[in-house]
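Chemist: One structure follows; several queries about it will come next.
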Amino acid sequence: MNLSLPDESAAIGFVASLAVTLAILAGVVVTGRAAKRKVHIPLVIGAVASLGVTIYFAEKLGELYDLESAGVIYPIHLALAKTTTVGYLLPLVTGVLTVRDATRIVWHRRCAYFILVMTVLTAATGTTMVLMAERLG
Ligand code: HEM
């Protein structure tokens with residue numbers, strides 16, 4: 001998709017969707033730990049959808065900056081962002097395996113916390129990158 005957005009919309013959309021994603025992920029963790037599967041699984045779907053919206057706004061925001069001018073944080077953030085996006089498959093697959101066989105919870109828990117840490121690192125490096133980059137135009 002390549003719709004043009006007013007500059008403020010990209011920034012507001014990004015901050016708002018990131019906040020919503022983190023809030024839903026907190027709900028995912030709470031409901032997972034409380035074994036509330038009927039709420040946990042719909043929240044996971046919501047988190048993945050919200051993450052997609054956040055990535056859309058992040059790309060729109062990135063178009064307003066010369067991201068390479070941010071320096072070494074740029075390739076670091078890109079590598080983290082790609083790894084984290086693909087890494088979401090880990091809790092998704094292990095979650096489905098846990099539904100079938102409860103003993104898989106050990107791996108689901110490891111994958112879940114790994115991807116949560118990666119999400120926070122991706123958000124932190126992305127924010128640092130934008131703050132360090134030169135604005136275009
Ligand atoms: C981003 C994706 C996900 C995250 C971050 C996540 C996180 C968690 C966490 C933190 C727990 C608690 C583990 C513990 O006992 O300490 C949990 C439990 C669980 N999750 Fe997930 N999860 C995700 C996706 C899924 C998916 C896609 C499914 C199934 C389709 C699923 C099914 C389950 C089940 C069955 C449990 C065990 C609940 C019980 O003890 O009865 N999860 N999850």
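Chemist: Of all the residues that make up segment 44-100, how many are more than 20 Å from Val117 (Cβ to Cβ) and in contact with a helix residue (DSSP H, G or I) (Cβ under 7 Å, 6 or more places away or on another chain)?
Modeler: Of the residues in segment 44-100, 13 are more than 20 Å from Val117 (Cβ to Cβ) and in contact with a helix residue (DSSP H, G or I) (Cβ under 7 Å, 6 or more places away or on another chain).
Chemist: Within segment 127-137, how many residues are surrounded by 14 or more Cβ atoms within 10 Å (Cβ to Cβ) and outside any helix (DSSP H, G or I)?
Modeler: So the answer is 1.
Chemist: Which ones in segment 86-126 are surrounded by 15 or more Cβ atoms within 10 Å (Cβ to Cβ) and among the β-branched types (Val, Ile, Thr)?
Modeler: Thr94, Thr98, Ile105, Ile115, Thr119, Thr122, Thr125
Chemist: Would you confirm whether any residue within segment 19-30 is small (Gly, Ala, Ser), at positive phi and within 15 Å of the ligand (Cβ to nearest atom)?
Modeler: No, because not a single residue in segment 19-30 is small (Gly, Ala, Ser), at positive phi and within 15 Å of the ligand (Cβ to nearest atom).
Chemist: Another question about this same structure. Would you be able to tell me the number of residues in segment 48-92 that are of a type outside the set (S, T, N, Q) and more than 16 Å from the chain's Cα centre (by Cα)?
Modeler: 12
Chemist: Would you call Pro6 in the same structural domain as Thr128 (by TED's automatic domain parsing) and either loosely packed, with under 14 Cβ neighbours inside 10 Å or touching a residue at least 12 places away in the same chain (Cβ under 8 Å) (or both)? Outline the logic, then answer.
Modeler: Details: in the same structural domain as Thr128 (by TED's automatic domain parsing): no; either loosely packed, with under 14 Cβ neighbours inside 10 Å or touching a residue at least 12 places away in the same chain (Cβ under 8 Å) (or both): yes.
Criteria not met by Pro6.
The values are calculated or read from the model by the stated rules, or taken from the named source; none is laboratory data. Just so we're clear, the structure is a prediction, and the values are computed from it rather than from any experiment. FYI the Cβ positions are ideal-geometry reconstructions off the backbone, even for glycines, and counts take in every protein chain you see.
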